[in-house]
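Before any comments, here is the structure.
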Amino acid sequence: AQLSCLARLLAAKNLTADFGSFPPDLLLFFHPSEVRVGTCREFYARASRGNLDLLPQGSSRRTRLLRGALTCLGVRGSRLQPQQLGSLGALVCELEPGTIPASGPAILENLKLCPALTGAQQDALNALLLTGDTAYGHPSSWDLRTLRDLGPLVLALNQTTLSLVAEAAREDFRRSIAAAYSSQGHSQREKSRILLRAFAAASAASQPRLKRSTDSCPFEPITADSIADSVPYLTPEELDLCLSNDVLIENLEAVLEQPISLESSQILKKKVDELFPSGIPEEQLKRLGMLSRLYTEQEISQWLVTSSDTLSALLSTSGGQWEDSQVQQLLSRYLALGGSLTGPLLREIGGKRLCNLQEEQIQQIPAEAIGTAGQLNISLCSQTKKEQLYRKAQEAFAGLASTPGPYYCRIQPYLGGAPAEDLKGLANAGVAINMDLDTFLALNPEELQKLSVTDVKNLLGENLPELREAENEPLVVSWVKIQSQQELDCVLGIGLQGGLPEPTGTATLPHPTTTACVTSTATVSMAT
């Protein structure tokens, strides 16, 4: 939201022409109308290097950015030329799967820029690689260097493709991942785990492991000094036999730093539970990391989570992804034991999971916590919860109410709970806030119906033309139906149809003249 506000400020001051001095992330929020035709290729090539995750999937801004880039580059159909690929960069990630086979091997470098590929895109990528008609050759000829050269694309390889890779190459690659694991950040470790599971599955399919009949460790028992050299390479059964409960709990962080499979993680959880049969102490809960995600809602309901530090440690993304139901239970337990939600905790919880709280629990959130929580996406909340959070945000940002621009930037995520009276206040604040279409469409439908044509024009500002693109949205259709068609034509002037006709006996022109609109507008102003 802050980048969006900054982009609007630059546009208002006519500073968008010098886009070369702005970071790529900021360019994602520029309106296509602000991009000059003569420099649009350079603009979109730079914008494509920004973080596309800043624009929600399916949002009007994201769609508008891609449409502007394709128009600028003259893209027709699914086939992309090398020069077009060079300018599109990561924007290729938004295109249909059919673009991959149609564009051929040249598209592979663009696909490396994608944070994640859809299932259909992965299928298309594997089909292209299996032809052998790429710089990497056929999968049966791949070695360690080839797998490294594939970069992030290796995450999208399916079992059919991996099974064709030589076992020696797979094992070399697996060991290289394990060796680098300890120095990786959280997101990279998640990817490493995915790769290790995929390569392990491919190896198991080609050479099934023989079952062991022994109940003792077939190797040297694991010690604190041998964790890194043994844990990543043992099967779950071997890990169970060779890692004692005492060594595990004394070196829990070191063990969890190793790239291990889900099955091995379950073995570690079992050992922790054996150590604390009466319940895991709160100090030990902070250390669980990824193991905490393996506990059921019923088990979590018994945890002793009384401090914000414990809750923060459990919510940390370094431990991996939680299920929504698990977080709901964790928060309920924390609040039931007298805990309070702070701004940093709300940031870690996120808007989506905040919406899963009960109304009584949301009511317990202090307004100052909303003020320090940053931008929370509450679009999935019920209308009642949106209204609760809006009132708290209104209280938190009351000090900015006299400066409409900064106030709007802070209150914007919560406007879905705003009453019409407050929306009219923003519309008539005397400062253009240029509400984006996604925010407009997320307003309370009942309150939106109370807004006048002029209110809507003032709210949307420079984004008003986009309302025409959303004319079939139920929210827009129902609002248009109760507005005067003449006022829609004269005040908005964007071609919206479906409003109330003029009273019987009044001549209505299909395309109102300027004089008619001026006269009508003057009459409306005098009446007001």
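The values are calculated or read from the model by the stated rules, or taken from the named source; none is laboratory data. Just so it is clear, the model here is predicted, and its values are computed rather than measured. All Cβ positions, glycine included, derive from the backbone under ideal geometry; neighbour counts span all protein chains shown. Surface areas here come from the heavy atoms of the whole protein model, side chains and all, with no ligands, DNA or RNA. Shrake-Rupley method; radii C 1.70, N 1.55, O 1.52, S 1.80 Å.
Taking every residue in segment 87-103 that is within 15 Å of LEU28 (Cα to Cα) and pairing it with any residue that is of a type in the set (Gly, Ala, Ser), at least 6 positions away or on another chain, the pairs with Cβ-Cβ distances below 7 Å are SER87/ALA45; LEU88/SER48; LEU88/ALA69; GLY89/ALA45; GLY89/SER48; ALA90/SER48; LEU91/SER48; LEU91/ALA69.
Please tell me if ALA418 is out of contact with any His (no Cβ under 7 Å at 6 or more places or on another chain), small (Gly, Ala, Ser) and open to solvent by less than 10 Å² (accessible area, probe 1.4 Å). In short, yes.
Residue-wise test of (1) farther than 30 Å from ARG189 by Cα; (2) in contact with an Asp or Glu (Cβ under 8 Å, 6 or more places away or on another chain).
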{"residue": "SER312", "(1), (2)": "no, yes"}
{"residue": "LEU315", "(1), (2)": "no, yes"}
{"residue": "ASP324", "(1), (2)": "no, no"}
{"residue": "SER340", "(1), (2)": "yes, no"}
{"residue": "GLU348", "(1), (2)": "no, no"}
{"residue": "CYS355", "(1), (2)": "no, no"}
{"residue": "PRO366", "(1), (2)": "yes, no"}
{"residue": "GLN388", "(1), (2)": "yes, yes"}
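Scanning segment 346-387 for residues that are open to solvent by less than 60 Å² (accessible area, probe 1.4 Å), of a type outside the set (A, V, I, L, M) and under 25 Å from LEU314 (Cβ atoms) gives GLY350, GLY351, ARG353, CYS355, GLN361, PRO366, GLY371, GLY374, CYS381, LYS385. Among the residues making up segment 421-454, those that are assigned to a helix (DSSP H, G or I), over 26 Å from the mean Cα position of the chain (by Cα) and surrounded by 18 or more Cβ atoms within 10 Å (Cβ to Cβ) are LEU423, LYS424, LEU426, ALA427, GLU447, LEU448, VAL453, THR454. The residues of segment 120-163 that are surrounded by 15 or more Cβ atoms within 10 Å (Cβ to Cβ), farther than 23 Å from ARG193 by Cβ and hydrophobic (A, V, I, L, M, F, W, C), listed by number, are ALA124, ALA127, LEU128, LEU130. Looking only at residues of segment 257-315 that are among the acidic types (Asp, Glu), outside any loop (DSSP other than H, G, I, E, B) and touching a residue at least 24 places away in the same chain (Cβ under 8 Å), we find that the one that is farthest from ARG174 (Cα to Cα) is GLU282.
Provide a single number: the residues in segment 1-30 that are open to solvent by less than 40 Å² (accessible area, probe 1.4 Å) and at pLDDT 80 or above. Give the steps one after another, and end with the answer.
Initial filter on segment 1-30 (open to solvent by less than 40 Å² (accessible area, probe 1.4 Å)): 4-5, 7-8, 10-11, 16, 19, 22, 24, 26-30.
Next cut, at pLDDT 80 or above only: 22, 24, 26-30.
So the count comes out to 7.
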